[in-house]
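S.K.: Take this structure, written in C-alpha cells, and hold onto it; I'll ask about it next.
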Amino acid sequence: MSFYDVPDGVEIRGRYDHQFAQILSRDALQFVAGLQREFRGQVRYAMECRREAKKRYNSGGSPGFDPATRFIRESTWKCAPVPPAVADRSVEITGPVERKMIINALNSGAKVFMADFEDALSPSWENLMKGHVNLRDAVNQTITFHDQARNRVYKLNDTIAKLFVRPRGWHLPEAHIIIDGEPAIGCFVDFGLYFYHNHATYRSAHGAGFGPFFYLPKMENSREARIWNNVFERAEKTVGIERGSIRATVLIETLPAVFQMDEILYELREHSVGLNCGRWDYIFSYIKTFQAHPDRLLPDRVQVGMTQHFMRCYSDLLIRTCHRRGVHAMGGMAAQIPIRDNPAANEAALELVRKDKLREVRAGHDGTWAAHPGLIKPILEVFTSNMAGKANQIQTAAREDADAITEEDLVQMPRGTRSLEGLRLNTRVGIQYLAAWLTGTGSVPLYNLMEDAATAEISRVQNWQWIKYGAILNGDGVKIRVTLELFAKVVEEEIERIKREVGLEKFTRGRYQEAGKIFAKQCTTAELDDFLTLDAYNLIVVHHPKTTSRL
C-alpha cells in the first residue's frame with residue numbers, strides 16, 4: 001500500500017497514483033498549504049462581501065461605479081509593459097486539461113492556449129491530477145498521446161501556442177485535499193501545483209523570462225484582484241523570481257466587475273496583461289444579479305448577443321479601459337464547431353464567426369477566443385488583415401468615445417422575445433451538459449456549439465427567472481405563461497427527446513435521468529443557487545481515506 005508524503009496539517013483523500021504523487025510532492029503541498037493559511041481569511045471576507053452585495057441587489061439595488069475609487073478611474077497610471085512573448089494574442093483557443101486536447105490546442109496555430117481547470121473541466125480527482133501531469137509534460141515539451149482507436153501518436157509541433165492556465169474561482173473547494181481540517185480552496189490547488197512545478201521551465205523555455213501566465217475567473221470586485229496580486233507576490237518571493245514575472249488576464253464575466261475594471265487592473269498593475277470579455281458568464285451574471293427584479297426578464301438566450309446595447313457598451317468600455325492602461329483587451333468566445341456532414345451549414349456558421357470577429361477587431365479588441373481548432377485559421381485571417389501588421393491595437397485603438405458610457409448603458413435591458421422553444425433549448429442543453437459533467441466531461445459539443453458550465457448556467461438561471469415570475473412566452477406567436485406544471489412537462493418531454501437523439505444505449509449508460517432531476521430542482525428552488533457546479537460538486541467527490549494519506 002502506498003501513501004502520499006504530506007506535510008503537517010495536510011491530508012489527501014483522493015486515490016493514490018505514482019504519477020499523482022510526483023505532482024503532490026511534500027514541497028508542492030507545503031507551498032499550497034502556505035497559500036491557504038495566509039489568504040483564506042481574505043477569501044472568506046471577499047465571499048462575505050459578495051453575499052452583502054447580493055442582499056443589496058435583491059433589495060432593489062443595482063451595481064454601479066464606486067465613488068470611493070473615482071481617483072483610480074481618473075488618474076493616468078499604466079500597468080507594467082506587456083511581455084514580448086505574449087504581445088500577439090490575436091487568436092486564443094481554450095479547452096480542458098485533457099492530454100490530447102492540450103496537444104491539439106498547442107499545435108492549432110493559435111497564439112495562446114488557455115488550459116482550463118474551471119468551466120471546461122469536471123473537477124473530479126482523476127481529471128485534476130491527470131491535468132497537472134499533462135501540463136507538466138506540455139511545459140517540458142515531452143507530452144505525447146497514443147490514440148489506440150486510430151493507432152495514431154500525437155506530439156507537439158516545433159511551433160506551439162503560449163500556454164495560459166485558468167484556475168477555478170474563489171468559491172469552489174477542493175474536497176480531496178484537506179488543510180488544517182477544512183477543504184482546500186480550489187484555485188490555490190490549481191495555481192499552486194502548476195506554478196510550483198513549472199515556473200522555472202516556463203520562464204526559460206517559453207516566456208522569455210516572464211510567466212507563467214494565467215487567466216483569472218469569476219471576480220466581482222477589485223478586492224478579489226488584490227488577493228490574487230498578493231498570491232502572485234508571495235509565490236514569486238517564495239521561489240526567488242522577479243516581482244512581476246507572473247502575468248494574468250482577468251475575465252470580466254460578472255456584472256459587478258464591469259464597474260470595477262480600472263480598479264481590478266490597478267490592483268494587478270505589476271502582474272496584468274489585460275481583461276477579457278467572458279460574455280456567456282456575463283449574461284449569466286446579469287440574470288443572477290437581477291434575480292429579484294421581475295422587470296428584468298431576459299429574452300431567449302440566443303437573442304442576447306453582442307449587438308445588444310448593454311453587451312456592446314460592456315465590450316467598448318473594456319477596450320477603452322485596457323488600452324488606456326497599456327494592456328490587452330480580449331474579445332469573446334466563438335463557440336461554433338465544424339459541421340462536417342453539411343458543408344452549406346458549416347460555411348454559414350463560419351460566416352457568422354467571421355462577422356462577429358470583424359466586429360471585435362474593428363471595435364479595437366487585440367484578440368479573441370475560439371473553442372475549436374477548425375476556427376483558428378478563419379479568425380486569424382480576420383484579425384491579421386485588420387490590424388495593420390501590428391501585434392495588437394493597444395496604441396492605436398484608444399476608444400475615447402467609450403468615456404461617455406453610463407451606468408444605465410451597462411445595465412440596459414436586452415430587447416427580444418421569449419419562446420417555448422427557448423425554454424425547451426435551455427432545458428435540453430442544461431440536462432445534457434450536467435449529465436456529461438457528472439460523468440467527467442466539462443466541455444460538450446451540443447447542436448453545433450461547444451457548451452461549458454457558463455452556457456449551462458445561462459440555461460439554468462433563465463429557466464429559474466421565467467418560472468419564478470411566470471414569464472409570458474410569446475415568441476412562437478401564442479402567449480403561454482411559464483408555470484411549474486409547464487416546466488415539469490417540458491423536462492419530461494426533453495428527456496425523451498435526448499433519449500432519442502443520443503440513443504438508448506448511451507442514455508442508459510449516462511446519468512441523464514439524474515441530471516434531469518438535479519437541473520429541474522435547481523430551476524425551481526425558492527432561492528437561486530449561486531452556481532450549478534457548486535451544488536453538484538459533492539456528487540463527483542470520491543474519497544479514499546483509508547488508502548491515500550498518512551496522518
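S.K.: What Rg and what Dmax come out for the stretch 215-293 when only alpha-carbon atoms are used, in angstroms?
M.R.: 13.8, 50
S.K.: Turning to a different aspect of this structure: Just to check I understand the Karplus step: with θ = phi - 60° and J = 6.51 cos²θ - 1.76 cosθ + 1.60, what whole-Hz values come out for the stretch 511-525, glycine and proline as x?
M.R.: 10, 5, 5, 4, 4, x, 5, 5, 5, 4, 4, 5, 7, 10, 5
S.K.: Okay, moving on. When ranked by the protection proxy of mean other Cβ atoms within 10 Å per residue, highest first, what sequence do the peptides 254-261, 324-331 form?
M.R.: 324-331, 254-261
S.K.: Mind ranking 114-127, 343-356, 227-240 by how tightly packed they are, going by the mean number of other C-beta atoms within 10 angstrom, highest first?
M.R.: Working: 114-127: 24.1, 343-356: 13.6, 227-240: 17.0.
The most tightly packed comes first, giving 114-127, 227-240, 343-356.
S.K.: What are the residues whose amide H is under 5 Å from the amide H of F117, where those residues sit 5 or more places off or on another chain and H is modelled from the backbone?
M.R.: It is R166, by chain and number.
S.K.: Per the 1.4 Å probe, what fraction of the accessible area of the stretch 366-474, in percent, lies on carbon and sulfur atoms?
M.R.: Reported share for carbon and sulfur atoms: 50 percent.
S.K.: Here's something else I'd like to know. Ignoring any ligand, DNA or RNA, what whole percent of the accessible area of the stretch 81-148 comes from carbon and sulfur when the probe is 1.4 angstrom?
M.R.: C and S atoms contribute 52 percent here.
S.K.: From the cross-link list K54/K468; K55/K499; K155/K390, which pairs have alpha carbons spaced over 29 Å apart?
M.R.: Numbers: K54/K468 18 Å; K55/K499 41 Å; K155/K390 31 Å.
Among K54/K468; K55/K499; K155/K390, the Cα-Cα distance tops 29 Å for K55/K499; K155/K390.
S.K.: Check H176: other-chain or 5+ apart residues with amide H under 5 Å from its amide H, H built from backbone geometry?
M.R.: Residues meeting the amide H criterion: none.
S.K.: Mind jotting down the three principal axis lengths of the stretch 69-188 based on Cα atoms? Whole angstrom, largest first.
M.R.: For the stretch 69-188, the Cα extents along the three principal axes come out at 61, 44, 21 Å.
S.K.: Over the stretch 86-151, with the other protein chains present, what is the accessible area per residue in square angstrom, probe 1.4 angstrom?
M.R.: On a per-residue basis, the stretch 86-151 sits at 30 Å².
S.K.: To continue, here is another question. Normalised by the residues of the stretch 240-293, what does the relative contact order come to in percent, with Cα pairs under 8 Å and at least six apart?
M.R.: Over the stretch 240-293, the number comes to 46 percent.
S.K.: Continuing with the same structure: What ranking, highest mean first, results for peptides 267-275, 452-460, 63-71, 9-17 when packing means the other Cβ atoms within 10 Å averaged over each residue? Kindly include the intermediate steps, with their values, before the conclusion.
M.R.: Numbers: 267-275: 24.2, 452-460: 25.8, 63-71: 12.8, 9-17: 19.0.
Descending packing order for the listed peptides: 452-460, 267-275, 9-17, 63-71.
S.K.: Relative contact order for the stretch 17-138: what is it in percent, counting Cα pairs under 8 Å that are at least 6 residues apart?
M.R.: Details: 73 pairs, mean separation 29.5, N = 122.
Here the relative contact order equals 24 percent.
S.K.: Quick one: 3J(HN,Hα) in Hz for the stretch 101-106, Karplus 6.51/-1.76/1.60 with θ = phi - 60°, rounded, Gly and Pro as x.
M.R.: Couplings: 4, 4, 5, 4, 5, 5 Hz.
S.K.: Given an 8 Å cut-off on Cα distances and at least 6 residues of separation, report the relative contact order of the stretch 303-454 as a percent. Can you show the working numbers first?
M.R.: Details: 170 pairs, mean separation 48.0, N = 152.
Once normalised by length, the contact order is 32 percent.
S.K.: Still on this structure, I have one more. For the stretch 8-86, state the average projected area of the convex hull of the C-alpha atoms over all orientations, rounded to one decimal in nm².
M.R.: Result: a mean projected hull area of 10.7 nm².
S.K.: I'd like the carbon and sulfur percentage of the solvent accessible area for the stretch 227-304, probe radius 1.4 Å, heavy atoms only, ligands and nucleic acids excluded.
M.R.: Roughly 44 percent, rounded to a whole number.
S.K.: Still on this structure: Among DSSP bridges having both ends in the stretch 96-217, what percentage is antiparallel? Round to the nearest 5.
M.R.: That works out to approximately 50 percent antiparallel.
S.K.: If you don't mind, there's one more thing I want to ask. Cα centroids of the stretch 325-368 and the stretch 92-140: how far apart, whole angstrom?
M.R.: Using only Cα atoms to place each centre, the spacing works out to 22 Å.
S.K.: Continuing with the same structure: Determine the equivalent ellipsoid of the chain by diagonalising the alpha-carbon gyration tensor, then write out the semi-axes as square roots of 5 times the eigenvalues, largest first, rounded to whole Å.
M.R.: 33, 29, 25
S.K.: Once phi is turned into ³J(HN,Hα) by the Karplus curve 6.51 cos²θ - 1.76 cosθ + 1.60 with θ = phi - 60°, what whole-Hz value does each residue of the stretch 396-402 show in order, with x for glycine and proline?
M.R.: In residue order, the calculated couplings are 10, 10, 6, 6, 4, 4, 6 Hz.
S.K.: Right, here's the next one. Just the accessible area per residue of the stretch 393-503, please: how many Å² with a 1.4 Å probe?
M.R.: Heavy-atom accessible area per residue stands at 43 Å².
S.K.: Sticking with this one: From largest to smallest, what semi-axes in whole angstrom does the stretch 263-373 give when each is the square root of 5 times an eigenvalue of its alpha carbon gyration tensor?
M.R.: 26, 21, 12
S.K.: Enter the accessible area per residue of the stretch 174-313 (Å², integer; probe 1.4 Å; all protein chains in place).
M.R.: Counting only protein heavy atoms, the per-residue value for the stretch 174-313 is 26 Å².
The values are calculated or read from the model by the stated rules, or taken from the named source; none is laboratory data. None of these values were measured; they are calculated from a predicted model. Positions of Cβ are generated from backbone atoms using ideal geometry, with glycine treated the same way; all protein chains shown enter the neighbour counts. Note: areas computed on protein heavy atoms with side chains; ligands, DNA, RNA excluded. Shrake-Rupley method; radii C 1.70, N 1.55, O 1.52, S 1.80 Å.
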